[in-house]
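Reading through the structure tokens given below for one structure.
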Amino acid sequence: MLQIKKKILFGLLALILSVNCFAQDFTEEFENLINTEKPSLLPEKMIFTQKILWGEKGLFRKTGISNLTVENREKELIVREKMLKAHQIIGYITFAGMIYQGILGGKLYNGDYSVYNQHKTLGKIVTASYFTGAGLSLFTPPPLVSRDKEGLNNIRLHKILANVHVPAMIVTNIYSDKQHEADKYREIHKTAAYTAVASYTLAMITIILDF
């Protein structure tokens, strides 16, 4: 067990040290703001969660928390950078927790109920870190310009996989307490958990790749 824990920790450390953060070059974006006579302060495309908070008619604009000005957009880009870095680090921590959670889950399914409380507690921690990381990505301030490329690329694939592991995580948690009621609930929980881990792992790999 100690060897498994060490492998997870070393793997997590290697990921954090080796992978470049996918946040944009904010220095270059600052220069674009300053050097443009009539700068475009918002990208043409934003996800709906960004529009709700940071759009031209978003909550932060209407309430005056962050008016749409060059100075505020510079500050927002700094916030964006920090949120995306936090999203990435929390993602690695969540990934390590998922792997260990899977090990404990395997023991439970093989009849070792001594790890039940540990499995349940870790499940709550992983769920909290997972949705915290997701929130940091969904509600981050938008970039200056949309970076979407034509065709399939690593960022687009990362987003596509999110459409798999997000609902899988939700289903896993819904059936986490019901799996003792019937075998079918147990199988749903197990299948959803494996789907969440597999798709989340692929999503992590897409960030390492650059295509």
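For the condition part of a helix (DSSP H, G or I) and either crowded, with 19+ Cβ neighbours inside 10 Å or β-branched (Val, Ile, Thr) (or both), what is the one hit in 97, 135?
Unique residue meeting the criteria: 97.
Conditions (1) under 25 Å from residue 52 (Cβ atoms); (2) surrounded by 13 or more Cβ atoms within 10 Å (Cβ to Cβ); (3) touching a residue at least 12 places away in the same chain (Cβ under 8 Å), marked per residue:
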| site | (1), (2), (3) |
| --- | --- |
| 145 | yes, yes, yes |
| 151 | no, no, no |
| 184 | no, no, no |
| 192 | no, yes, yes |
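Answer yes or no as to whether residue 106 is on the phi > 0 side of the Ramachandran plot and either modelled with pLDDT under 95 or over 21 Å from the mean Cα position of the chain (by Cα) (or both).
no
Just checking, how many residues over the range 40-54 are in a loop (DSSP other than H, G, I, E, B) and touching a Pro at 6+ places or on another chain (Cβ under 9 Å)?
Count: 5.
How about the range 153-208: which of its residues are closer than 16 Å to residue 137 by Cβ and of a type in the set (A, V, I, L, M)?
Across the range 153-208, the qualifying residues are 155, 157, 160, 161, 162, 164, 166, 169, 203, 204, 207.
Note down all Cβ pairs under 6 Å where the first residue falls in the range 35-55 and is at pLDDT below 85, the second is surrounded by 15 or more Cβ atoms within 10 Å (Cβ to Cβ), and they're at least six residues apart or on different chains.
What qualifies is 39/33.
The values are calculated or read from the model by the stated rules, or taken from the named source; none is laboratory data. Only a predicted model underlies this, so the values are computations on that prediction, with no experimental measurement involved. Every residue, glycine as well, gets a Cβ built from its backbone with ideal geometry; the counts of neighbours run over all protein chains shown.
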